[in-house]
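Input: a single structure, listed below in structure tokens.
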Amino acid sequence: MNGWRERAAQGIFALAALVSALLTGSIFGFLLFFGLPLLTGGRLTAILTQPWAPYQGAYGIAPMLAGTMAISLLAMSIALPLAMGCAMLISLSGPGPTGRLLRKAVAMMTAVPTVVYGFVGIFLLVPVVRQLFDHGSGMCVLAAGLMLALMVAPTMILFFCDAFARVPRDYGLAVLALGGTETEKLLYVTLPCAWRGVLTGTILALGRAIGDTLIALMIAGNAVRTPTSLLDSARTLTAHIALVFAADTESLEFKSIFACGLLLYLFTAVMVVGIRAAGRRRPGR
């Protein structure tokens with residue numbers, strides 16, 4: 001009886017995996033099919049390098065690609081040290097009431113809807129950036145990057161804390177027995193042993209930063225140009241999809257959103273492959 005149940009469970013899991021793979025492949029095929037008019041005839045290079053000028057027949061997504069990279073990388077450069085510091089603080093606090101309170105506060109932040117972060121950015125962060133730098137409207141790469149960092153940091157903190165908690169307790173006890181401090185245990189034992197979890201959390205947070213729509217749509221300014229400074233307005237690939245979606249479905253302008261979708265899909269695929277490769281890599285290699 002138990003053998004039959006086990007085989008049935010394996011069959012269900014295999015079917016679920018197959019359906020997931022088919023859906024993922026179907027999404028890629030859907031994007032590729034509708035994006036073909038822009039990808040054939042030697043237009044791929046033009047799409048990735050030209051500016052966005054529909055009235056002149058140019059449908060390049062280079063400005064949106066540059067805006068996506070600028071905002072997401074800025075957000076990650078801020079969120080990574082912030083998340084690491086908070087995770088270390090929670091880890092050093094231990095399982096006591098302080099550590100539990102900090103972890104619950106971080107977990108609550110992950111449940112806040114993205115649009116709330118966007119409203120906070122519009123009414124609090126954007127005016128501060130505008131008055132502090134006295135440049136433009138305040139809706140820029142810097143404002144979007146700061147708010148995006150605040151949004152993705154809680155997810156990274158929870159991943160880092162879980163990675164630290166999976167390190168065998170005996171390793172830390174050995175360090176303390178040899179006269180080491182809690183800080184030395186964290187820096188020289190916990191972090192090296194938890195690098196896979198840290199890397200996974202970082203890659204997933206980067207994927208969320210690249211794929212976010214509302215923060216960039218509400219705070220970045222949506223200027224269709226390549227940003228040259230942190231105070232310039234920019235448009236991301238996801239914001240471009242949201243803004244152009246209402247265009248004529250037969251126009252090349254509308255089909256450009258499928259090129260954006262393909263790029264986002266490929267970014268996600270590369271990140272997933274990176275996570276899998278990191279999980280299979282042996283320590284010390």
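All of the numbers you see were taken from the coordinates with simple rules; none came from a lab. This structure is a prediction, so every number in the text was calculated from the model and none was measured. Positions of Cβ are backbone-derived with ideal geometry, glycine not excepted, and every protein chain shown enters the neighbour counts.
The table below lists the values:
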| quantity | calculated |
| --- | --- |
| Charge dipole magnitude, Cβ of K and R +1, D and E -1 - the chain, Cα centre, debye nearest 20 | 900 debye |
| 15 Å beta-carbon shell around GLY96, net charge (K/R +1, D/E -1) | +2 |
| Sorted peptide list for 14-24, 100-110, 78-88, criterion being average Cβ within 10 angstrom, highest first | 78-88, 100-110, 14-24 |
| Extension reserve of the VAL273-LEU243 stretch, reckoned as 0.36 nm per residue once the Cα distance is removed | 7.8 nm |
| C-alpha long axis of helix 141-165 to longest principal axis of the chain, angle in ° | 30 degrees |
| Förster-model FRET efficiency, 35 Å R0, ILE27 and GLN131, C-beta, rounded to 0.05 | 0.20 |
| Proxy reagent accessibility, fewest Cβ within 10 Å first, across ILE219, ILE27 | ILE27, ILE219 |
| Whole-Å distance, taken between Cα centres, linking region 13-36 and region 180-195 | 42 Å |
| Nearest-ten-degree value, helix 252-280 long axis tilted from longest Cα axis of the chain | 20 degrees |
| Those residues of region 145-175 whose amide nitrogen sits under 15 Å from the label point placed on TYR188, 7 Å along Cα→Cβ | 171-175 |
| Spin-label model distance (nm) - ARG169 vs VAL120, 7 Å beyond Cα toward Cβ | 3.5 nm |
| Formal net charge of residues neighbouring LEU148 (Cβ-Cβ distance under 10 Å; K, R +1; D, E -1) | 0 |
| Cα radius of gyration and Dmax for region 4-61 (Å) | 20.2, 65 |
| The chain - mean residue ellipticity at 222 nm from DSSP helices (-39,500 (n - 2.57) per run, n ≥ 4, rounded to 500) | -23500 deg cm²/dmol |
| log10 of Debye I(q)/I(0), alpha-carbon scatterers only, for region 63-280 at 0.09, 0.10, 0.17 Å⁻¹ | -0.43, -0.52, -1.14 |
